[in-house]
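**Student:** To start, I am sharing the structure in question, which I have written as structure tokens.
The values are calculated or read from the model by the stated rules, or taken from the named source; none is laboratory data. Predicted, not measured: the structure shown is a model, and the values here were computed from it. As a convention, Cβ positions derive from the backbone with ideal geometry for all residues, glycine included, and neighbour counts pool all protein chains shown. Heavy atoms of the whole protein, side chains included, go into the accessibility calculation; ligands, DNA and RNA do not. Shrake-Rupley method; radii C 1.70, N 1.55, O 1.52, S 1.80 Å.
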Amino acid sequence: MADNALSLFRSTAAHSPSMAALTRESDGAGPVDFCIPCNPYFPTPAMFEEMAVRLREIVTYYPSSADTITAELCDLLRLPPQCVAMGNGSTELITWIDHLLVRESLAVPVPTFGRWTDQPMETGKRVDMFPLQESSGFALDLAQYAEFIRARGTRVAVVCNPNNPDGGFQHKHAIVQFMDAMADLDLVVVDESFLEFADAEAEPSVVQEAMLRPNVIVLRSLGKNFGLHGIRFGYLVANPALAGKVRSMLPKWNLNSFAEHVVFMLKEHGAEYARSLHQVRRDRMDMSGQLSSLPGLTVYPSQGNFLFVRLPVGAEGTVVRDRMFTEHRILVRECGNKIGSSSRFLRLVVRPQVDVRRLVTGLEQVLYGAPRRGAPVPEQATGTGYSSGTAAVDRLVSQTNGAGTQGLAAQAVGAGADVPGLPAAPAAHTGVPLPAAASAPAVGAGGGTPVPAAASMGPQPAPVPQPVPEPVPHPLAPAARAPVPEPAPVPAPVYPAPAQVPPPTGPTPPGVPARGGLTAAQVRGTDGLSGVPATGWPGPQAWPNAAGTG
């Protein structure tokens, strides 16, 4: 049965196998899941019991219309329904954004969520991939990203905050500055699917700013935050013209009865939800400390509910993944099929401490042969660290001749030396340069420092003691959170000036951004927001704010 389960990884190129498929091939016993980024503390057991009691009713009857479910969600979040569109998961909304609003090209930092690269390529768009550098901890420099967009002439820009898989975070003021600098683009998308797990800033969401801008969409997830990936529901926030354009194309019953039931029961469980997010943040700090103690394992700072780790030199991700599954019944996310990553990287979902201890024990045995001893697992003799779920991505990767991340970027922009402000492409077969064992560790976007290489690779400075969180008597017990200090003022980045765009030659279709970045309503002299009460997010007494920290 183990061989049957492992075959699922070989046949599922774009993502990991589903938990249902793995359970079917494993005698009905699923593994401990460190792969799917889900909130393990919500819904509460009482909420699951309530859904179980009403299961027959939920699955028997049609749900209400999407407008009815959206109105209830907007009442909960205090958002104007005109500015919201709910989808059957965030991927449905990404699909419609691509079909309706991406005309020519889209820019996105890589590695990132695969649908932001695969979806537009599947519809023939040019995807300009901005490589995040391992040497800088995969931190995104928004000013350099803006220069890349200007050099390429890209019309749509995407920023994931926090980014998947590395958990890199951008403060709100930096995102707002970037949106202002890109005001002439057709569209700017800020994907906040994992933002509710962040604690680096008290109010990090830009949903309020998105509603007031003509070319900005904020994408948010519900399944990840509420621990209900299987229900498939998410939403976007934008000005009424953009939100209405997407909403008008969605099927009337694109949301199922489970989604309706959960949305309508949430108002009674805001306190439990807030405590679940707080516990995930505590678990993230504890899990990072435990993983950082493994020799040669680099843990990158994260503001998501997952950690991005680089395996020790000599370890190969697919071997580690397979052995963790077969020998320890633990499912991990090997990231060789993410553009901009390789098989040396794993994304590990934050889970309760009892599960993390099992994970660390398994990694010790797989990587070192015994607890923290021995040599890492050998690399595979053949194969590549890259694979993907679409022919377009496969062609793009194969054309780089294995040149890795920088080769992908060079392929995406043509010859880098021919584009002002872009570095030349590396020679073929050079791969992604990795920092030397004795080099200084990189600092990631979240302000942390990855762990130095193993002691066997050379003398290393004494490790800095990791902060240990206070023990929690119960996973959902309320705990006070210290106020988050506001970030120190930083000089505003210098963004490149937008290229001169000729005036439109004809009328813009309703709700579609014009070339100058305006909606049709603004082209006709209106702001498109009349009568929309943007009242903001509720306070702590009602429901968690945009980051779930209220």
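**Student:** Kindly indicate the residue of the stretch 149-178 that is in a helix (DSSP H, G or I) and open to solvent by less than 10 Å² (accessible area, probe 1.4 Å) and also nearest to Ser288 (Cα to Cα) among those meeting that condition. Explain how you work it out, then say what you get.
**Tutor:** Restricting attention to the stretch 149-178, the residues satisfying the condition of being in a helix (DSSP H, G or I) are 149-152, 172-178.
Cutting the leftovers down to open to solvent by less than 10 Å² (accessible area, probe 1.4 Å) gives us 149, 175, 178.
Values: Ile149: 34, Ile175: 26, Phe178: 30 Å.
My answer is Ile175.
**Student:** Give me the helices (runs of 4 or more DSSP H) completely within the stretch 218-312, filtered to those with at least 2 residues that are farther than 24 Å from Pro111 by Cβ and open to solvent by less than 10 Å² (accessible area, probe 1.4 Å), ordered by residue number. Don't jump to the end; show me each part of the working.
**Tutor:** Values: elements: 223-226, 240-247, 257-265, 270-292.
Those helices (runs of 4 or more DSSP H) span 240-247, 257-265, 270-292.
**Student:** Determine which single condition Trp116 fails, assuming it passes every other condition in (1) open to solvent by less than 10 Å² (accessible area, probe 1.4 Å); (2) closer than 23 Å to Pro301 by Cα; (3) assigned to a loop (DSSP other than H, G, I, E, B).
**Tutor:** Answer for Trp116: the failing condition is (3).
**Student:** Determine which member of the set Ala381, Ala409 is hydrophobic (A, V, I, L, M, F, W, C), modelled with pLDDT under 50, surrounded by fewer than 18 Cβ atoms within 10 Å (Cβ to Cβ) and farther than 20 Å from Gly167 by Cα. First the steps, then the outcome.
**Tutor:** Working: Ala409 fails: surrounded by fewer than 18 Cβ atoms within 10 Å (Cβ to Cβ).
It is Ala381.
**Student:** If Gly168 satisfies every condition in (1) touching a helix residue (DSSP H, G or I) at 6+ places or on another chain (Cβ under 8 Å); (2) within 25 Å of Ser302 (Cβ to Cβ) but one, which is the exception?
**Tutor:** (1)
**Student:** Just to be sure I understand the filter: pairs with C-beta atoms under 7 Å, separated by 6 or more residues or on different chains, first member in the stretch 61-85 and touching a residue at least 24 places away in the same chain (Cβ under 8 Å) and farther than 23 Å from Val216 by Cβ, second member open to solvent by 10 Å² or more (accessible area, probe 1.4 Å) and part of a helix (DSSP H, G or I). Which pairs pass?
**Tutor:** The qualifying pairs are Tyr61/Ser257; Pro63/Ser257; Pro63/Glu260; Ser64/Glu260; Ile69/Glu260; Glu72/Phe264.
**Student:** Continuing with this model, one more query. Taking the stretch 38-85, which residues are open to solvent by 60 Å² or more (accessible area, probe 1.4 Å), assigned to a loop (DSSP other than H, G, I, E, B) and closer than 30 Å to Asn215 by Cα?
**Tutor:** Hit for the stretch 38-85 is Arg78, nothing else.
**Student:** Any idea how many residues of the stretch 223-238 are over 20 Å from Thr112 (Cβ atoms) and modelled with pLDDT under 95?
**Tutor:** Residues in the stretch 223-238 being over 20 Å from Thr112 (Cβ atoms) and modelled with pLDDT under 95: 7 in total.
**Student:** Return the residues of the stretch 86-96 that are open to solvent by less than 10 Å² (accessible area, probe 1.4 Å) and without any contact (Cβ under 8 Å) to a residue 60 or more places away in the chain; say none if nothing qualifies.
**Tutor:** none
**Student:** Looking for whichever is at pLDDT 95 or above and more than 27 Å from Phe169 (Cβ to Cβ) here; the options are Val366, Val349, Val299, Val360. Which one fits? I'd like the intermediate steps shown before the answer.
**Tutor:** Details: Val349 fails: more than 27 Å from Phe169 (Cβ to Cβ); Val299 fails: more than 27 Å from Phe169 (Cβ to Cβ); Val360 fails: more than 27 Å from Phe169 (Cβ to Cβ).
Checking each option against the conditions leaves just Val366.
**Student:** What pairs can you find where one residue is in the stretch 200-216 and in a loop (DSSP other than H, G, I, E, B), the other is acidic (Asp, Glu) and buried (at least 20 other Cβ atoms within 10 Å of the Cβ), and their Cβ atoms are less than 7 Å apart, with a gap of 6+ or different chains?
**Tutor:** As it stands, the answer is Ser205/Glu192; Asn215/Asp186, since those pairs meet every condition given.
**Student:** Another question about this same structure. Mind telling me which of the residues Ser257, Ser288 ends up being at pLDDT below 95 and hydroxyl-bearing (Ser, Thr, Tyr)? Steps first, answer last, please.
**Tutor:** Values: Ser288 fails: at pLDDT below 95.
The conditions single out Ser257.
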